[in-house]
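Everything on this sheet refers to the single structure shown next.
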Amino acid sequence: MESKINASENRSVTVNALKAHLSLNVQNVERSIRFYRKMLGIEPSKVRTGYAKFDVQNPPLNLALNEAPGISRGALSHLGIQVRSTEDVLAMKQKWNEAGLSTHDEMQTNCCYAVQDKTWVRDPDGNEWEAFVVLEDNLAESIACCGVGEETCATPMTQIS
């Protein structure tokens, strides 16, 4: 990801970002490490008391886990990995299932004003992750989506115990 920032002197400064960083508060870092090993298919690059870091190459992500006992889910809705095709969604589902994770599929679903195919997993703290592909984008505004309502794309895992 490359972005240009205009400095006060009207100079253009290029910033070359390496990867996104996501830091999650978790109730038990060891339990979360076990989950993310399975979900990501890699070992953490750093583990300390109450802390773990996964340096994911594909997609580029610096994922940190910070132990915070007694936390409850906050304002986070869900997390996702956008892939190129339905075949990639199904490959991610297979990878997660083979790692022993429960998945839930939503195919040809209207979510966030787009038609998408997706599969979901939930981490030990209830954070939901989707692997998804956008098949058709910029649909007209209709029912509530990714928010409060009878059917929302942000709460599919309620069907999995």
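The values are calculated or read from the model by the stated rules, or taken from the named source; none is laboratory data. In this text the structure is predicted, and so the values were computed from the model without any measurement. All Cβ positions, glycine included, derive from the backbone under ideal geometry; neighbour counts span all protein chains shown.
Residues in region 57-77 that are out of contact with any Ser or Thr (no Cβ under 9 Å at 6 or more places or on another chain) and aliphatic (A, V, I, L, M): 5 in all. Looking at region 84-119 only, could you name the residues that are closer than 16 Å to residue 36 by Cα, among the hydrophobic types (A, V, I, L, M, F, W, C) and either in contact with a Pro (Cβ under 8 Å, 6 or more places away or on another chain) or free of Cβ contacts under 8 Å to residues at least 40 places away in the same chain (or both)? Matches in region 84-119: 92 only. Of note, residue 30 satisfies the criterion of being in a helix (DSSP H, G or I), more than 16 Å from the chain's Cα centre (by Cα) and of a type outside the set (A, V, I, L, M, F, W, C).
Against the numbered list (1) part of a strand (DSSP E or B); (2) farther than 16 Å from residue 129 by Cβ, residue 65 comes up short only at (2). List the residue pairs whose Cβ atoms are under 9 Å apart, where the first residue sits in region 42-56 and is on the phi > 0 side of the Ramachandran plot, the second is acidic (Asp, Glu), and the two are 6 or more positions apart or on different chains. What qualifies is 50/67. Would a scan of region 121-144 turn up a residue that is more than 28 Å from residue 34 (Cβ to Cβ), in contact with a Leu (Cβ under 8 Å, 6 or more places away or on another chain), aliphatic (A, V, I, L, M) and at pLDDT below 95? There is no residue in region 121-144 that is more than 28 Å from residue 34 (Cβ to Cβ), in contact with a Leu (Cβ under 8 Å, 6 or more places away or on another chain), aliphatic (A, V, I, L, M) and at pLDDT below 95.
Is at least one residue of region 28-35 surrounded by 13 or more Cβ atoms within 10 Å (Cβ to Cβ), modelled with pLDDT of 90 or more and among the polar types (S, T, N, Q)? For region 28-35, residues surrounded by 13 or more Cβ atoms within 10 Å (Cβ to Cβ), modelled with pLDDT of 90 or more and among the polar types (S, T, N, Q): present.
The residue that is surrounded by the most Cβ atoms within 10 Å (Cβ to Cβ), among those in region 71-103 that are among the polar types (S, T, N, Q) and either at pLDDT below 95 or not in a loop (DSSP other than H, G, I, E, B) (or both), is 86.
The number of residues in region 35-66 being out of contact with any Phe, Trp or Tyr (no Cβ under 7 Å at 6 or more places or on another chain) and aromatic (Phe, Trp, Tyr) comes to 2.
Would you confirm, using the coordinates I've provided, whether residue 133 is outside any strand (DSSP E or B), within 15 Å of the chain's Cα centre (by Cα) and among the β-branched types (Val, Ile, Thr)? So residue 133 fails the test.
One residue stands out among those in region 33-53 that are among the hydrophobic types (A, V, I, L, M, F, W, C) and in a strand (DSSP E or B): the one that is farthest from the chain's Cα centre (by Cα), which is 47.
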